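**Student:** Handing you this structure, nothing more for now.
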Amino acid sequence: MAKRSIMKTKLKQQVINLIKREIPEIQQVKDKVKLEPPKEEKFGDFSINASFLLAKHLKDKPINIAQRIKQILESEEIFEKVEVAGAGFVNLFLSTKYFEPILEKAILEGDTYGEIKNKTKGKINIEFVSANPTGPLHLGHGRGAVVGNTLANLYKYSGYNVEKEFYINDAGNQIKMLGLSVYARFRQIEEPDYPLPEEGYKGEYIKEIARQLYESHREKILSMSSEEEVVEYMAEFAKNLLLDKIKQDLALLGVEFDIWFSEKELYTQGKVYEVLKFLEEKGLTYEKDGALWLKTTQFGDDKDRVLKKSDGSYTYFAGDIAYHFDKLKRNYDFIINVWGADHHGYIPRLKSAMLALGAKEDWFNVVLIQLVKLFKDGQEMKMSKRAGTFTTLKDLIDMVGKDAVIYFFLTKDSNTHLNFDIDLALKKSSENPVYYVQYAHARISSVFREAKEKFNININELDSSTVDTSLLKEKAEKELMKYIAVIPEDIYEITEKKQPHKITQIAYELASKFHYYYNNYKFLQQDDEKLMKARLYLLKAVRNVLRTIFKIMEITPVERM
RNA sequence: GCGCCCGUAGCUCAAUUGGAUAGAGCACGUGACUACGGAUCACGAGGUUGCAGGUUCGACUCCUGCCGGGCGCGCCA
């Protein structure tokens, strides 16, 4: 985990200014100077690489330059200690005082610690899940939902206006097939031998929908004049029902959308026609073999793509262009699409189309979601729609709970395969990372209950005016404060890098530092009330930061377990 | 065949995007409750970073070539 900090930028500038007085050449390498927390704590809170960069300019060895830098910085009071190490690293040790305002911020901001409240970074759109409304959500959708939603929360935290969008594929063949499938099941109620369509949906839920229609809408259906009309009616009915189910399942994970965008409306509102006309007028299309093509090769694709087939119908691609043209006109600073990894070959194509429409180079972004495999008793639970051994997202949530689903879906980079270990998710021990981080929160809550009961200390009344934080001198305490200081910028960083899975690492590390502290130090001691209050104050800050992180992930901050 | 992703401890993953002795968790071994929740903590062992070259003060990271795995290459959606 990269350990940047709130004060890093400020501190770097400060350090450079100090060095500049003695070594003006630093101005030339300023942008390359890195002020980073090193891997090992013995190398200090921060380490600066300036001596290596200056070596060429000063024609001297890094180690000698490092010595000069050490002398310059040593006298500053914000540093407890300055050391030269290795081939020329200068290691900086901050004094405890440095962390006091940060602690206070964590106390005051509650579960929004470090969040950038004025959303001035820009307006963005994140589209995710976008499952076909032809069946229940499966595990891949669930992973996409969690990754997309967490990403959205991260961007909000980092100061963006975020709109979450679900694209409803309600136009194409699948919906027609859905109608035909329901229709067949409907007919089967009276004629068991009535055939299912070849590519039809075979799940139990289709039968249930058919039964429902048979029981409560039979008369209406029988009064319809054509089979076509019936199928269309059933498709619409099933679609709405399944879409509702999808919404319910997503709500279980704390996922809600701002915009539900209908593919069908792109066609009914003429938006597909419109965007094709727009592209034609820009001279970016041509006709060949009776079809209309887009010159995507002009924008980086390896071949041109068909927009309108020779039979006169539009390709899915054309609809998608129209959809993203609509997004483009909504003036987002950039957009992110969360897609299944099997669509990765589709990216260059759509990206080219967006460039053709005048989007900026980095406007269109895609985050890919790889497969989820379930493991139980060390065995993979093979999933097969045909064999009926199909585990839905809802099934998984019912098995292990919402928090475990979210956490486990976020443990790995979304672009790598995920093995979901059900046994591990159910374990109530430190092997299970969800319990580990939640336990940290519950433990602190427990300490607070104890503090109230035995010492009559009200946690809500602890603030900077009643607490002397300078008493927090232990190493474990400094570690915690340092980590708290560093977390917001860590979060901004994983946001910009689109690595939502790393939020679990941050949560885990904070929990780990707390558990260490807990095991090695007493908080509720009778003999020193001032120290007791200072430590409880620190715990309160830790709990707030945990809550902040949990909120981003939509995980429950449990008081008791 | 072409393109993209991946290959790091027994397993699952990191490594501040080119920096210090490649780090965590799990599993394994040893130890820690008369005290705030032991659902925890500490210590230990574990590596030729798939292989071979190259670039430079320095490479898990960048370049080239192999080996192995995954995915994608429709006038499907």
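**Student:** Please go through the range A:405-426 and pick out each residue that is more than 8 Å from RNA strand B (Cβ to nearest atom) and not in a helix (DSSP H, G or I).
**Tutor:** Of everything in the range A:405-426, those that are more than 8 Å from RNA strand B (Cβ to nearest atom) and not in a helix (DSSP H, G or I) turn out to be A:Leu410, A:Ser414, A:Phe420, A:Asp421.
**Student:** Could you tell me which numbered condition A:Ala152 fails, if it satisfies all but one of (1) open to solvent by less than 10 Å² (accessible area, probe 1.4 Å); (2) touching a Leu at 6+ places or on another chain (Cβ under 8 Å); (3) in a helix (DSSP H, G or I)?
**Tutor:** The single condition A:Ala152 does not satisfy is (2).
**Student:** Follow-up. May I ask you to verify whether A:Val437 is under 30 Å from A:Tyr518 (Cβ atoms) and free of Cβ contacts under 8 Å to residues at least 60 places away in the same chain?
**Tutor:** For A:Val437, the condition - under 30 Å from A:Tyr518 (Cβ atoms) and free of Cβ contacts under 8 Å to residues at least 60 places away in the same chain - is not met.
**Student:** For the range A:155-181, enumerate the residues that are over 21 Å from A:Ser414 (Cα atoms) and either within 23 Å of the chain's Cα centre (by Cα) or not in a helix (DSSP H, G or I) (or both).
**Tutor:** A:Gly159, A:Tyr160, A:Asn161, A:Ile168, A:Asn169, A:Asp170, A:Ala171, A:Gly172
**Student:** Could you please find all residues in the range A:511-541 being closer than 26 Å to A:Tyr155 by Cα and more than 13 Å from RNA strand B (Cβ to nearest atom)?
**Tutor:** A:Lys540, A:Ala541, listed by residue number.
**Student:** Output the number of the condition that A:Leu471 fails; it satisfies all remaining conditions of (1) touching an Asp or Glu at 6+ places or on another chain (Cβ under 7 Å); (2) at pLDDT below 90; (3) closer than 26 Å to A:Glu104 by Cβ.
**Tutor:** If we test A:Leu471 against (1) touching an Asp or Glu at 6+ places or on another chain (Cβ under 7 Å); (2) at pLDDT below 90; (3) closer than 26 Å to A:Glu104 by Cβ, just (1) comes out false.
**Student:** Among A:Gly144, A:Gly203, A:Gly159, which is the only one that is more than 30 Å from A:Ile397 (Cα to Cα) and either touching a residue at least 60 places away in the same chain (Cβ under 8 Å) or not assigned by TED's automatic domain parsing to the domain that holds A:Met234 (or both)?
**Tutor:** A:Gly159
**Student:** Which number in (1) within 22 Å of A:Thr96 (Cα to Cα); (2) part of a loop (DSSP other than H, G, I, E, B); (3) of a type in the set (Val, Ile, Thr) marks the one condition that A:Ile457 misses?
**Tutor:** The failed condition is (1).
**Student:** Another one. Farther than 20 Å from A:Asn544 by Cα, buried (at least 16 other Cβ atoms within 10 Å of the Cβ) and touching a Pro at 6+ places or on another chain (Cβ under 7 Å), is that true of A:Val147?
**Tutor:** Yes, satisfied.
**Student:** How many residues are part of a strand (DSSP E or B) and either closer than 14 Å to A:Ile19 by Cα or touching a Lys or Arg at 6+ places or on another chain (Cβ under 7 Å) (or both) if we restrict to the range A:40-82?
**Tutor:** 2
**Student:** Can you name the number of the only condition in (1) under 30 Å from A:Gly148 (Cα atoms); (2) among the aliphatic types (A, V, I, L, M); (3) within 13 Å of RNA strand B (Cβ to nearest atom); (4) surrounded by 14 or more Cβ atoms within 10 Å (Cβ to Cβ) that A:Ile491 fails?
**Tutor:** A:Ile491 satisfies every listed condition except (3).
The values are calculated or read from the model by the stated rules, or taken from the named source; none is laboratory data. Here the structure is a predicted model, which means the values were calculated and not measured. Glycine also receives a Cβ, built like all others from the backbone with ideal geometry; neighbour counts cover every protein chain displayed. These accessible areas exclude ligands, DNA and RNA; they are computed on the full protein's heavy atoms, side chains included. Shrake-Rupley method; radii C 1.70, N 1.55, O 1.52, S 1.80 Å.
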